[in-house]
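Down below is the structure, laid out as C-alpha cells.
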Amino acid sequence: MESIRSPYSRLVARWFAVIGLAFMLVACGFHLRGDFHFAFKSMYVETPGGSQILRIINRLNRGMKTTEIVNNPKNAEVILSISNERKKQKTLSYDNHGDAREYALYYRVTYSLRTVKGRELVAPTTITLRRTMTYDDSEDLAKEREKQMLYEDMQQDIAQQILRRLSRVTMEGLPGQSQDMQAAESIDQNENDNAQMPGGAFQIETDGQ
C-alpha cells in the first residue's frame, strides 16, 4: 500500500507547488501596477509579431493609465524597440540512467528607446533571466506546466524591468517638451537585480525553483 501511495502523494505535492507559484505570480503582477510614471505621454512599441513582453507591457500599462501606447509611430513621442526575444532550455544534471533531472531555463530580450526624430534615450540593452527546475518523467504534465509558468514569470519580470528603466528617462532639453513632462533620471548602479556588462548591456540572472 505504501508503494502505491508514495508516487501519488508526490504528484499531489507537485501540483500544489505549481498552483502556489501561479498565485504568487498573479499577486506579484497586481502589486506592481501603477508604480511607474513616465516623462512622455505617448509611446509606440516596435517589435516582431507575437511578442510576449509587449503583451505584458500593454496589460501593465492599461493598469497604470499614465502613458498611451499608440498604433502609429507618427502619433508617439517615443519609440520602444523590442528585439531578439527568445527562450532557451539547458540540461544541468542527469541521473544514473542518463536522463535529464535538472534544467536551466533562460529568457532573453533586447530593448532600446528613442524619440520619433531618432534621438537615443536608452541605448540597446539586453536582459537575460534564468530559472532552474528539476524534472521527473513520472510527473511530465505537472513539470511541463511548471516550465511554462517559469517562462511566464521571467516575461513578467523583464517587462517590469523595462518599464522601471523607462520611468527614469528624462525628456528635458528636447524641443516641444513642457516642464510638467520632464522627469529626473536617477539610476542606482547598485541595484540588486542589475549588473552592468560591457557594451552597455545588463545581465540579470535570478535563480528560482
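Have a look at M24, M64 and point out the one that is modelled with pLDDT under 90, in contact with an Asp or Glu (Cβ under 9 Å, 6 or more places away or on another chain) and more than 30 Å from S138 (Cα to Cα).
On the way: M24 fails: more than 30 Å from S138 (Cα to Cα).
The unique qualifying residue is M64.
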For residues that are of a type in the set (K, R) and either within 20 Å of M43 (Cα to Cα) or free of Cβ contacts under 8 Å to residues at least 60 places away in the same chain (or both), tally how many sit in segment 111-170. 7
Need the failing condition index for L92 against (1) touching a strand residue (DSSP E or B) at 6+ places or on another chain (Cβ under 8 Å); (2) under 30 Å from K41 (Cα atoms), just the number. (2)
Keeping to segment 55-82, report how many residues are out of contact with any helix residue (DSSP H, G or I) (no Cβ under 6 Å at 6 or more places or on another chain), among the aliphatic types (A, V, I, L, M) and not in a strand (DSSP E or B). 4
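Would you point out the residue of segment 44-78, among those that are charged (D, E, K, R) and either surrounded by 15 or more Cβ atoms within 10 Å (Cβ to Cβ) or within 24 Å of T170 (Cβ to Cβ) (or both), that is farthest from the chain's Cα centre (by Cα)?
Kept after step one, since they are charged (D, E, K, R), are these residues of segment 44-78: 46, 55, 59, 62, 65, 68, 74, 77.
Still in the running and either surrounded by 15 or more Cβ atoms within 10 Å (Cβ to Cβ) or within 24 Å of T170 (Cβ to Cβ) (or both): 46, 65, 68, 74, 77.
Details: E46: 17, K65: 20, E68: 20, K74: 27, E77: 24 Å.
Only one residue fits best here, namely K74.
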The residue that is modelled with the lowest pLDDT, considering only those in segment 32-54 that are touching a helix residue (DSSP H, G or I) at 6+ places or on another chain (Cβ under 8 Å) and in a helix (DSSP H, G or I), is L32
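Go through segment 116-153 and report how many residues are part of a strand (DSSP E or B), of a type in the set (S, T, Y), more than 17 Å from the chain's Cα centre (by Cα) and crowded, with 18+ Cβ neighbours inside 10 Å. Outline the logic, then answer.
Taking segment 116-153 and keeping what is part of a strand (DSSP E or B), we get 120-134.
Now drop any that are not of a type in the set (S, T, Y), which leaves 125-126, 128, 132, 134.
Cutting the leftovers down to more than 17 Å from the chain's Cα centre (by Cα) gives us 134.
Narrowing the set further to residues that are crowded, with 18+ Cβ neighbours inside 10 Å leaves none.
Here the count works out to 0.
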Just checking, how many residues over segment 67-96 are closer than 28 Å to M149 by Cα and not polar (S, T, N, Q)? 11
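The values are calculated or read from the model by the stated rules, or taken from the named source; none is laboratory data. Just so it is clear, the structure is predicted and the values come from calculations on it, not from any experiment. With ideal geometry, Cβ positions are generated from the backbone for all residues, glycine too; neighbour counts draw on all protein chains shown.
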